[in-house]
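Everything below concerns the one structure shown next.
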Amino acid sequence: MEAGLFTANNVWMMVCTGLVFFMHTGFAFLEIGLTRQKNTINILFKNIFIITGGLLLYYAFGFNLMYPGFEEGSSGILKFAGFGIGAPENGMTPDYASGGYTWWTDFLFQGMFAATAATIVSGAVAERIKIGSFMIFVLFYVGLVYPIVGAWKWGGGFLDSWGFYDFAGSTLVHSVGGWAALVAIALLGSRIGKFGSDGKPKAIPGHSIPMATAGVLILWLGWFGFNGGSVLSADPALTSLVLVTTSLAAAAGGFGAFFLSTILYKNMDLTMFLNGILGGLVGITAGADLMSPNEAVVIGFLAGLIIVLGVSLIDKLKLDDPVGAVTVHLICGIWGTLAVGIFGDKAGFDQFLTQLYGVLIIGAFCVISAGIILGILKAVMGLRVSKEEEMEGLDIHEHGMDAYPDFRTNEH
Amino acid sequence: MEAGLFTANNVWMMVCTGLVFFMHTGFAFLEIGLTRQKNTINILFKNIFIITGGLLLYYAFGFNLMYPGFEEGSSGILKFAGFGIGAPENGMTPDYASGGYTWWTDFLFQGMFAATAATIVSGAVAERIKIGSFMIFVLFYVGLVYPIVGAWKWGGGFLDSWGFYDFAGSTLVHSVGGWAALVAIALLGSRIGKFGSDGKPKAIPGHSIPMATAGVLILWLGWFGFNGGSVLSADPALTSLVLVTTSLAAAAGGFGAFFLSTILYKNMDLTMFLNGILGGLVGITAGADLMSPNEAVVIGFLAGLIIVLGVSLIDKLKLDDPVGAVTVHLICGIWGTLAVGIFGDKAGFDQFLTQLYGVLIIGAFCVISAGIILGILKAVMGLRVSKEEEMEGLDIHEHGMDAYPDFRTNEH
Amino acid sequence: MEAGLFTANNVWMMVCTGLVFFMHTGFAFLEIGLTRQKNTINILFKNIFIITGGLLLYYAFGFNLMYPGFEEGSSGILKFAGFGIGAPENGMTPDYASGGYTWWTDFLFQGMFAATAATIVSGAVAERIKIGSFMIFVLFYVGLVYPIVGAWKWGGGFLDSWGFYDFAGSTLVHSVGGWAALVAIALLGSRIGKFGSDGKPKAIPGHSIPMATAGVLILWLGWFGFNGGSVLSADPALTSLVLVTTSLAAAAGGFGAFFLSTILYKNMDLTMFLNGILGGLVGITAGADLMSPNEAVVIGFLAGLIIVLGVSLIDKLKLDDPVGAVTVHLICGIWGTLAVGIFGDKAGFDQFLTQLYGVLIIGAFCVISAGIILGILKAVMGLRVSKEEEMEGLDIHEHGMDAYPDFRTNEH
């Protein structure tokens, strides 16, 4: 391979790595924007912990666990005993990964992905989880569950052999996070005041809609790297198709949610519009490289409808998901994975069934894993902060600080 | 063409596409930062609508309308009857667009541009326009007016044959948006309280100067893609020159506005400094590839002076432009377009006249088009919200939400 | 060199230029987030001044001063008499800079670096410095001191001949800014209320922790360009290694500060976590291309510990550094520079001594230069605003504006 092509490929993958890293800023803005100001520092702390801790864990053994066998003479599991990543002999040459990128870029791109799953959980459990319990959960979920599931498909494991397809992680990233979010909010219970004595859900408005909006725009931009980088090279035809399908699905997802929510609820709900965009992005992620632009629009639009219905369903189930993480990442993640069997280059009943098996197997594994980790944490140290702390805000109790000390705030 | 060069070109163009997309975050921050908190959600809603709706529209027919004849056997206008974009046979090879990028990248880059014109209008009409009317206006302006004007020059139409030059859109994007902004604020009238009973303008301060500042910095960054991508390849000499002229004009524009406003008004006005930067950016856009660094500094500095004078002029005309969009995008857009005839590689009296004709023809077309669309909307459904709604804020009336519910606010 | 490789190199360097520019948004967010709302516009004004003024100055003569002798027939110093940058004959070809980038990219990348040093000072002197004095200081420090020091090493001067190593500027950028920050806060004195009558430091909490957090995440992203671009080409092995060592050091730095501050102070201090990340980034900057990932983790972790101890030391010295700039940029900059003699490819006692000499010589030069400039300014026009202005806030006094006029604020 000519040096120019190898270099251009690696440049694109480094740019994508940066964009996926930037998604953490997007997630942080979205989560704090949609929750109350009294829990802002706590949410940011969790997010900063996830990025730093997630990257260090993935470095220490997650990468080796997820992609076993790259280095001669050492199995992935045995690498547990070691520490850190060592580059294979050909890791810096076009012989590695078909010249799509270097070993170092590979690690960093995958490392940025790894932390995403935990961040998804962070939003769902916001405003009431004990930070110590959450941090321990992250260590196990990012350090073990995520790379094990990843190894089944992206590491060349059994789901890969079956023909299960998940281009950039509708299931392997988003649903993996979404399942844990579902288990966590079921175990945690709803925030005080979320459901009235009549059982009806009440809106707890987020404290900064501009931040939430900026978060979604940053996430959309980050998805250029998330999906565009999942091509694992800068192949012009494929990367540019992926950016088109990704952006069209995002736009159509926003519109789907905007239309349905305006019809159903008669007001122009910006947060629904925003979550529709995210739903479209998650929905296209499994097959962003397989779809035509028209198919991307359809997948995205349906994801937008799913968002509106899903948020309502979660409410009916008496579950409390402050940022809509389960609907966006789990339900739309499932939709996107199944859509690979319905639309695009791989569509077919056999493929649909394979996608369904994959969804179910990974779902079962994640629910059980998250249930065990969180169940043990609940029994041993508790998951939920005290009622007093929840009312007064986690910021002042856990961190001794106020996020906005110069401004006068309303209590609620 | 070697694969490495084609890939490097396409990588650059995809990066630029992402940067132009990011400009929408910049526009959103700038607009809400310079307006009152009670209208924040409304502005964000408009902006999110523009990005998603604009992209879908451009996909459905704007791209085919603006660049007719790329596909054999179908004329641009006839594609109206069809839906969506189909790639030409050579769309993914270096035979397309001289290897500068693929068909998919071309569409997405141009699609991100298209929405910009509408976003410019959004700022000018903020805090008083009916959202329904605005959304319908956007559909026609982005879907029809923008691509028609674009076709005259970038699509190879008659202005292109005449030798009219507009590298990245001082006229084709910024003035197109600016003319509509001018027509719209004339039809809408000024916000309640903008002009005292003595006719003197009063400052209505924006609610978050940090957001406005971040918006300008993000826009400057986005301009790396807006101008840098308008090279339509990663040609090293040309792209890097364009980034230099763009950044120097931005810096000089900020200084020009800073100096003149400090001399005239004796206070260090940050918003003038910021709008000066934007003026410099708009001013260099028409000839960013033609100018030497010294010329870029002069063009930008003069644009900065124009900003201070233009803002004062708009006030004297009793027009109310909350974010200075007409001055930044229309007046500096005209200045930048004419500057191509005064400075740089194409300078000359004939070129100056051609530039002037282009400005006038496009101006007339935009004013008439915007006048017709907005005039009909005004007659049929009204352009302006009720006095009560304007006083209480559009957020609570149109969207049933508060942008910052946790904070205590001042009424004004 | 093949066109593809040259183009890919230049694309990477332009991306890095954009990322370093984006760091100024990060610095701005960090500084205003960690200070009080009443001084927000003042800080933003300073930052915008630095970016625009710094770039223009660097264009007018800083670039020629820092990299003398690139153009035949003119010495660097003589270029003073000229104005602006002229490209050498081979400036747009692979013959320039080994094909790593064009002359224009070189200028713009270096220009973005230059402003950084002044921005570091801005944070330390916040909330009490006279803006006029600060602006004059910036002109001399960015226009003269920074490029002179830069010329000693990156311009091929005597420190380069001695073998002093500073890959991306732990000393040449961060310490250069840090030394001036130290001198400035010593001359300025502490903010009213920072030290009680018993001499004990009191926390003056920043007004927006979300902005500070976003600032740090943006800075981390920007460091992809700061360090990744310092390779001066897109060499796949080296650039990707640099991104890995940079990110691991950042993560480890955050963890180091998190652990030590939690042990010492028993609360989970988000700002310490954030400054730890910055400390790790500054610490790895001198040797990001020399270290293994394991070494990067160690250097970063130790930088994180240094942050906690350094902040405490600054307090004990009765110095008032609102954002921790001296600890982050000066102390961790020194640490990173010395670490090149302890870890990595160049480790050795001789190298350690050379690093130490470099630190001391540059430190002496910066302290003396900053002392002279600031001393003269103090004598002639004063450095510090009046007590009344400091209490009421610099925004309303210097700029006649409020950063958040719609919100009710607390006085403190």
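Nothing in this text is a laboratory measurement; each read-out follows from the coordinates by a stated rule. This structure is a prediction, so every number in the text was calculated from the model and none was measured. Note: ideal-geometry Cβ built from the backbone for every residue, glycine included; neighbour counts use all protein chains shown.
One table, with the values for the structure above:
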{"read-out": "Chain C: calculated mean residue ellipticity at 222 nm from DSSP helix runs of at least 4, using -39500 (n - 2.57)", "value": "-20500 deg cm²/dmol"}
{"read-out": "Listed peptides C:15-22, C:389-396, A:135-142 by packing density, highest first (mean Cβ within 10 Å)", "value": "C:15-22, A:135-142, C:389-396"}
{"read-out": "Helix B:3-33 vs. chain B, principal-axis angle (Cα, 0 to 90°, nearest 10)", "value": "10"}
{"read-out": "Choice from B:N294, B:N227, B:N267 showing the highest fluctuation, given a GNM over chain B with Cα pairs closer than 10 Å", "value": "B:N267"}
{"read-out": "Spin-label model distance (nm) - B:A347 vs A:K200, 7 Å beyond Cα toward Cβ", "value": "7.2"}
{"read-out": "Using a Förster distance of 41 Å, the FRET efficiency for B:S312-C:S190 (Cβ separation, nearest 0.05)", "value": "0.45"}
{"read-out": "Partner chain coverage, peptide B:219-232 - average Cβ within 10 angstrom", "value": "2"}
{"read-out": "Alpha-carbon centroids, region C:103-162 and region A:222-248: separation in whole Å", "value": "38"}
{"read-out": "Three semi-axes of the equivalent ellipsoid, the protein assembly as shown, Cα gyration tensor, whole Å, largest first", "value": "38, 38, 33"}
{"read-out": "Distances in nm from C:N410 to the matching label points in the other copies, shortest first (labels 7 Å along Cα to Cβ)", "value": "1.9, 1.9"}
{"read-out": "Computed lengthening from C:I372 to C:L264, 0.36 nm per intervening residue step minus Cα-Cα distance", "value": "35.0 nm"}
{"read-out": "Sites excluded, trypsin sites (Lys or Arg not before Pro) in DSSP loops with at most 16 other C-beta within 10 Å, longest stretch of chain A", "value": "A:1-201"}
{"read-out": "Average beta-carbon neighbours from other chains, 10 Å sphere, peptide C:41-50", "value": "5"}
{"read-out": "Local electrostatic count at B:I192 - Lys and Arg +1, Asp and Glu -1, tallied over other residues with Cβ under 9 Å", "value": "+3"}
{"read-out": "Above-threshold pairs, the threshold being 27 Å between Cα atoms, out of B:K153/B:K194; B:K46/B:K200; A:K266/B:K130; A:K266/B:K202", "value": "B:K153/B:K194; B:K46/B:K200; A:K266/B:K202"}
{"read-out": "Computed over region A:130-245: relative contact order in percent, which uses C-alpha pairs under 8 Å that are six or more apart", "value": "16"}
{"read-out": "Cα-based shape type of region C:274-365, given that a ≥ b ≥ c are square roots of the gyration tensor eigenvalues and the cut on a/c is 1.5", "value": "oblate"}
{"read-out": "Innermost chain B residue relative to the axis carrying B onto C, by Cβ distance in angstrom", "value": "B:G4, 1"}
{"read-out": "Mean separation of Cα contacts under 8 Å (6+ apart) over length of region A:3-399, as relative contact order %", "value": "25"}
{"read-out": "Inter-copy label distances at C:L360 (7 Å, Cα→Cβ; nm, one decimal)", "value": "7.4, 7.4"}
{"read-out": "Separation of the C:M381 and A:A364 label points, Cα + 7 Å toward Cβ, nm", "value": "7.5"}
{"read-out": "Cα gyration tensor category, rounded, prolate or oblate, for region A:3-399 with a/c compared to 1.5", "value": "oblate"}
{"read-out": "Distances in nm from B:N294 to the matching label points in the other copies, shortest first (labels 7 Å along Cα to Cβ)", "value": "5.7, 5.7"}
